[in-house]
1. So is Ser6 under 19 Å from Gly80 (Cβ atoms) and free of Cβ contacts under 8 Å to residues at least 24 places away in the same chain or not?
2. Go through (1) in contact (Cβ under 8 Å) with a residue 40 or more places away in the chain; (2) assigned to a loop (DSSP other than H, G, I, E, B); (3) within 11 Å of the chain's Cα centre (by Cα) one by one and return the number of the condition Ala62 breaks.
3. Quick test of your reading of the structure: Ala66 fulfils all but one of (1) buried (at least 18 other Cβ atoms within 10 Å of the Cβ); (2) at pLDDT 90 or above. Name the failing condition by number.
4. With respect to Ala24, is the statement that it is in a helix (DSSP H, G or I) and more than 12 Å from the chain's Cα centre (by Cα) true?
5. Would you call Gly59 among the small types (Gly, Ala, Ser), exposed (fewer than 15 other Cβ atoms within 10 Å of the Cβ) and in contact with a helix residue (DSSP H, G or I) (Cβ under 9 Å, 6 or more places away or on another chain)?
6. Where the second residue is polar (S, T, N, Q) and loosely packed, with under 12 Cβ neighbours inside 10 Å and the first is under 15 Å from Gly11 (Cα atoms) and lies in segment 33-44, which pairs have Cβ atoms under 8 Å and are six or more apart or on separate chains?
7. Which condition number in (1) modelled with pLDDT of 95 or more; (2) exposed (fewer than 12 other Cβ atoms within 10 Å of the Cβ) is the one that Ala81 fails?
8. Mind checking which residues of segment 65-106 are within 11 Å of Val46 (Cβ to Cβ), in contact with a Leu (Cβ under 6 Å, 6 or more places away or on another chain) and either among the β-branched types (Val, Ile, Thr) or part of a strand (DSSP E or B) (or both)?
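The values are calculated or read from the model by the stated rules, or taken from the named source; none is laboratory data. All values derive from a computational prediction rather than experimental measurement. Cβ placement follows ideal geometry from the backbone for every residue including glycine, while neighbour counts extend to all protein chains displayed.
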Amino acid sequence: MESKYSVNIQGDVAKIELSGRLDAVNAPAFQEELKKLSGSSLKSIVFFAKDLEYISSAGLRAIIFAKQKCGVQSQVYLVGATEAVLGVIKMSGLDTFMHIQDTYGE
C-alpha cells in the first residue's frame, strides 16, 4: 500500500494525516511537503497515524525533520498509532521527544 498524507495548518497547529506506509520509497516526497512548515511559528505538529500501517527509518527521519524545521518551541504529537508503528517509534527513542496519545484535543 502506498503512503497518503495531508498537511493542514490551522493557526499555530500543523495537523498531518498519515496512512499506508511511510518508507524509503515515499518518505522523500513527504519530507518535501514538510519543508512548507519551515519558518512557521507552530506551537504543535500533530501526526494522526491511526491509518499508518508501517514506518521505516526514512519515515522517522521525516518526523525529525519536521521538528527541526519548526524549532524547539514546537511540540510533536503522535495520535492513534498502531502497535507496529509505536514499536518502531519506541525502539528508535523518538518517544522521548513526542507526545504519544490515543486522541488529540486542542
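1. So Ser6 fits the description; yes.
2. Answer for Ala62: the failing condition is (2).
3. Here Ala66 clears every test but (2).
4. no
5. Taking the combined requirement at face value, the residue does not satisfy it.
6. These pairs meet every condition: Ser41/Gln73; Lys43/Gln73.
7. (2)
8. Listed by number, the list holds a single entry, Met98.
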